[in-house]
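Chemist: Following this message is one structure expressed as structure tokens.
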Amino acid sequence: MASSPSDPGMSEPSKSIVDEQMIATAYHEAGHAIVALSLGRTIEKCTIVRNSIRLGAVQLGKGRGKRQQDFFEIEAMILLGGLVSEAMYTGLYNWGGAQQDLRSLRRLTLTRVNTDQQVERLEKRLLDKTAHHMDKPGHWAAVESVVAELIKQQAISGRSAKHLFDQTMNRS
């Protein structure tokens, strides 16, 4: 097996798989961050540093940037923002990689509806709404700005993510 000059223990094919996974994770986490920021939530930190539980994370702040209209819908869309953003990058929904987000979404939707059919219908509507939200002018460019910074830094502060979001939205 050929070794990479930069990492003698890792072959080129293995390294490219890790790089693709890191980039997909960056898109996933940036999606959560941009949906959160665009819907008035604050962010403490956004990271693609993996741990034993997850490949990356966005830590939401306790405060609200602006008045929220519907807490339920906003929280659901933030949970789905990662899945949607990653799918926009890769072309496929990574249902397996978003299991933790999907479990949280299920707990949330069960507070609103009772039957499996109602849950599925509500979750589909929320997924479609999140995808439509991501198509708003400037949102995808903001995701790409956050992704670029995450690839460089591995973690960024909420303040940095907000600055990138605001900067991109002002250009749009």
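Any read-out appearing in this document is the output of simple, stated calculations on the displayed coordinates, not a laboratory observation. Fair warning: this is a prediction, and the values are worked out from it, not measured in the lab. For neighbour counting, all protein chains shown are included, and Cβ atoms are generated from backbone atoms with ideal geometry for every residue, glycine included.
Chemist: Treating only the Cα positions of the chain as identical point scatterers, give the base-10 log of I(q)/I(0) from the Debye formula at each q in 0.13 Å⁻¹.
Modeler: Each listed q corresponds, in turn, to -0.64.
Chemist: I would also like to ask the following. Which whole-number percentage describes the relative contact order of region 50-148, with Cα contacts under 8 Å and a sequence gap of 6 or more?
Modeler: Rounded, it is 28 percent for region 50-148.
Chemist: Report the FRET efficiency, 1/(1 + (r/R0)^6), for residue 125 and residue 99, where r is their Cβ-Cβ distance and R0 is 25 Å, rounded to 0.05.
Modeler: 0.75
Chemist: Calculate the dipole size of the chain relative to its Cα centre from +1 charges on Lys and Arg beta carbons and -1 charges on Asp and Glu beta carbons; express the result in debye to the nearest 20.
Modeler: The calculated dipole for the chain is roughly 760 debye.
Chemist: Same structure again: Modelled label-to-label distance, residue 92 and residue 132, 7 Å Cα→beta-carbon offset: nm?
Modeler: It works out to 2.8 nm between the two label points.
Chemist: What residues have an amide H closer than 5 Å to that of residue 41, excluding those fewer than 5 places away on the same chain, when H is modeled at 1.01 Å from N in the peptide plane?
Modeler: 65
Chemist: Once R0 is set to 35 Å, what does the formula 1/(1 + (r/R0)^6) return for the Cβ-Cβ distance between residue 171 and residue 110, expressed as a FRET efficiency to the nearest 0.05?
Modeler: After rounding to 0.05, the efficiency reads 0.30.
Chemist: Defining a contact as two alpha carbons under 8 Å apart and six or more residues distant in sequence, what relative contact order in percent does the chain show?
Modeler: Averaging sequence separation for qualifying contacts and normalising by length gives 27 percent for the chain.
Chemist: Do any chymotrypsin sites (Phe, Trp or Tyr not before Pro) in region 90-172 lie in a DSSP loop with no more than 12 other beta carbon atoms within 10 Å, and if so, which?
Modeler: Passing sites in region 90-172 are 95.
Chemist: To continue, here is another question. Just to be sure I understand: with springs between alpha-carbon atoms less than 10 Å apart, which residue in 19, 116, 135 has the highest mean-square fluctuation in the Gaussian network model of the chain?
Modeler: 116
Chemist: Per residue of the chain, what 222 nm ellipticity follows from adding -39500 (n - 2.57) for every DSSP H run with n ≥ 4, rounded to the nearest 500?
Modeler: -21000 deg cm²/dmol
Chemist: A further question on this structure: Taking the Cα of residue 60, stepping 7 Å toward and past its beta carbon, and measuring to each backbone N in region 132-172: which are under 18 Å?
Modeler: 133-134, 158-159, 161-162
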